[in-house]
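Comments concern the structure below.
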Amino acid sequence: GKIIVAGSGLESAASFKGLSIARYLSDGSMDYEFGNLGLIQKQTTSLEGELNSIVIQKDDKIVAVGYSISSNTNNENLTLVRFTKNGKLDESFGNGGLIVTEISNQKDIGESVAIQPDGKIISVGTTHHDPNFDIILVRYDEYGQLDPYFGLGGIVITDINSGLDIGKSLAIQNDGKLIVAGF
């Protein structure tokens, strides 16, 4: 009955957008047993961005997807974060709980995330696949490694309309097929 939300939080007057997640009790009050008094923000000192979607694994771990901005290139990169059920970064996942995937050299944003029955994590979003924006599907194994058996090295890029193609939502059918919605 608890409620988990993800997004970005204003870190300071300098407009730092930190990756943020919070958990509330069923009555809407903050769950102070989660993270840092109910709120987790700014996962690392250099990671600015936004979380767009979350999913809860069978073991109650929390997976969130969005983007982070590279301090070196100022590019937006697809970012996956996994937390324990108590709101701590899951150190066994990716690089200390974080995975940053650069697909293009400009903009890669994760919009939705789902967990397959075999534990693999799949995200849908958009990439700047020069000169257009295309839909991306990215699949990781349960440890956060790109799945080499999915698409090309774990990534599928779909150009539908030679313009702006954005994947916004993802569902997995009972037969394992993926349904993507967007525009």
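The values are calculated or read from the model by the stated rules, or taken from the named source; none is laboratory data. These numbers come from a predicted model, not from an experiment. Cβ: placed from backbone, ideal geometry, glycine included. Neighbour counts: every protein chain shown. Quick note on the areas: whole protein, heavy atoms, side chains included, nothing else; ligands and nucleic acids left out. Shrake-Rupley method; radii C 1.70, N 1.55, O 1.52, S 1.80 Å.
Got a sec? Which strands (runs of 3 or more DSSP E) wholly within the stretch 84-183 have at least 2 residues that are without any contact (Cβ under 8 Å) to a residue 40 or more places away in the chain and farther than 28 Å from ASN72 by Cβ? Explain how you work it out, then say what you get.
Values: elements: 98-101, 108-115, 121-129, 132-140, 155-158, 167-172, 178-182.
Output list reads 178-182.
Could you grab me the full set of residues in the stretch 157-177 that are modelled with pLDDT of 95 or more and of a type in the set (A, V, I, L, M, F, W, C)?
Across the stretch 157-177, the qualifying residues are LEU170, ALA171, ILE172.
I want to confirm something. Restricting to the stretch 1-46 and keeping residues that are under 18 Å from VAL65 (Cα atoms) and among the charged types (D, E, K, R), which single residue is modelled with the highest pLDDT?
ARG23
What pairs can you find where one residue is in the stretch 20-37 and under 18 Å from ASP90 (Cα atoms), the other is at pLDDT below 85 and among the charged types (D, E, K, R), and their Cβ atoms are less than 9 Å apart, with a gap of 6+ or different chains?
Sorted first by the residue in the stretch 20-37, then by its partner, the pairs are SER20/LYS42.
Which count do you get for residues in the stretch 70-83 that are open to solvent by less than 10 Å² (accessible area, probe 1.4 Å) and either part of a loop (DSSP other than H, G, I, E, B) or without any contact (Cβ under 8 Å) to a residue 24 or more places away in the chain (or both)?
0
Please find, among TYR143, TYR67, the residue that is among the hydroxyl-bearing types (Ser, Thr, Tyr) and open to solvent by 50 Å² or more (accessible area, probe 1.4 Å). Break it down into steps so the answer makes sense when it comes.
Details: TYR67 fails: open to solvent by 50 Å² or more (accessible area, probe 1.4 Å).
That would be TYR143, the only listed residue that is among the hydroxyl-bearing types (Ser, Thr, Tyr) and open to solvent by 50 Å² or more (accessible area, probe 1.4 Å).
Using the structure shown, decide if SER104 is in contact with a His (Cβ under 6 Å, 6 or more places away or on another chain) and not β-branched (Val, Ile, Thr). Spell out how you get there, then give the answer.
On the way: in contact with a His (Cβ under 6 Å, 6 or more places away or on another chain): yes; not β-branched (Val, Ile, Thr): yes.
Against the criterion (in contact with a His (Cβ under 6 Å, 6 or more places away or on another chain) and not β-branched (Val, Ile, Thr)), SER104 qualifies.
Could you look through the stretch 146-165, keep only residues that are under 17 Å from THR101 (Cα atoms) and among the aliphatic types (A, V, I, L, M), and pick out the one that is surrounded by the fewest Cβ atoms within 10 Å (Cβ to Cβ)?
LEU152
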